[in-house]
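Accompanying notes for the structure given below.
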Amino acid sequence: MVLRILLVDENAERCRLVEAALTAAGHGVVTTASGTENLLARVREIEPDVIIVDLDAPNRDALEHMRSVSRERPKPIVMFVDQSDDVAIGEAIRAGVSAYVVDGLSPHRVKPVLEAAIARFQAFQAMRDELEKTRATLAERKRIERAKGILMQQRGMTEDEAYKALRKLAMDRGKPLAEIAEQVISISELLTKD
């Protein structure tokens, strides 16, 4: 798999060595940056598949730049550091780092770490997507239950009758049931306001 990689390293010599190793491993596009200051702008510009960051030690600003990328343009982020502690590791993971490797970046370690980071990132994204889908489904169900409750209270319907009425209205209008439920709730709120 040819990866489009953004390599962030303040050490120009080490950056050249890693870039050469990545190119030798068959990755077609390797773009380099000397620091994390404009990381989000660079990610928007080149849309990398993976971001590799090499630092002596992670600092608050670098982690905040990575957090911005993770929020706006989630990508696997591999961080190599020379020095670390438990707090820095936790902060890096919360910032969206997929792989955190202590003892610095060396060309022969990059490929296996990249593969592990991409797999971890994909698994995390799948869980995040599933969570969002579950949240959306739960929110829809809550709206439908609330709309049924309104119909039961104001029209004297049973729960089954209220559900059938909502479903029929949704089918007649060609709209999702949750959207019809939201309309019922909105109309009810409008009519009951003082």
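The values are calculated or read from the model by the stated rules, or taken from the named source; none is laboratory data. Fair warning: this is a prediction, and the values are worked out from it, not measured in the lab. Because the Cβ atoms are built from the backbone with ideal geometry, glycine has one as well, and the counts that use them run over all protein chains shown. Only protein heavy atoms, including side chains, enter the accessible area calculation; ligands, DNA and RNA are left aside. Shrake-Rupley method; radii C 1.70, N 1.55, O 1.52, S 1.80 Å.
Key figures
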item	result
Selection count where residues are exposed (fewer than 15 other Cβ atoms within 10 Å of the Cβ) and closer than 24 Å to Asp82 by Cβ, scope region 1-16	4
Residues (open to solvent by 40 Å² or more (accessible area, probe 1.4 Å) and without any contact (Cβ under 8 Å) to a residue 60 or more places away in the chain) located in region 103-115	Asp103, Arg109, Pro112, Glu115
Matching option when the condition is of a type in the set (Val, Ile, Thr) and either open to solvent by 70 Å² or more (accessible area, probe 1.4 Å) or modelled with pLDDT under 90 (or both), among Ile150, Ile118, Ile144	Ile118
Complete set of residues in region 176-191 that are more than 13 Å from Glu140 (Cα to Cα) and surrounded by fewer than 14 Cβ atoms within 10 Å (Cβ to Cβ)	Ser186, Ile187, Glu189, Leu190, Leu191
Which listed residue, of Arg94, Arg109, is modelled with pLDDT under 85 and basic (Lys, Arg)	Arg109
Every residue from region 30-55 that is without any contact (Cβ under 8 Å) to a residue 40 or more places away in the chain and closer than 18 Å to Val113 by Cα	Val30
Candidate set from region 26-39 (those that are at pLDDT below 80 and surrounded by 14 or more Cβ atoms within 10 Å (Cβ to Cβ)); member that is nearest to Val69 (Cα to Cα)	Thr36
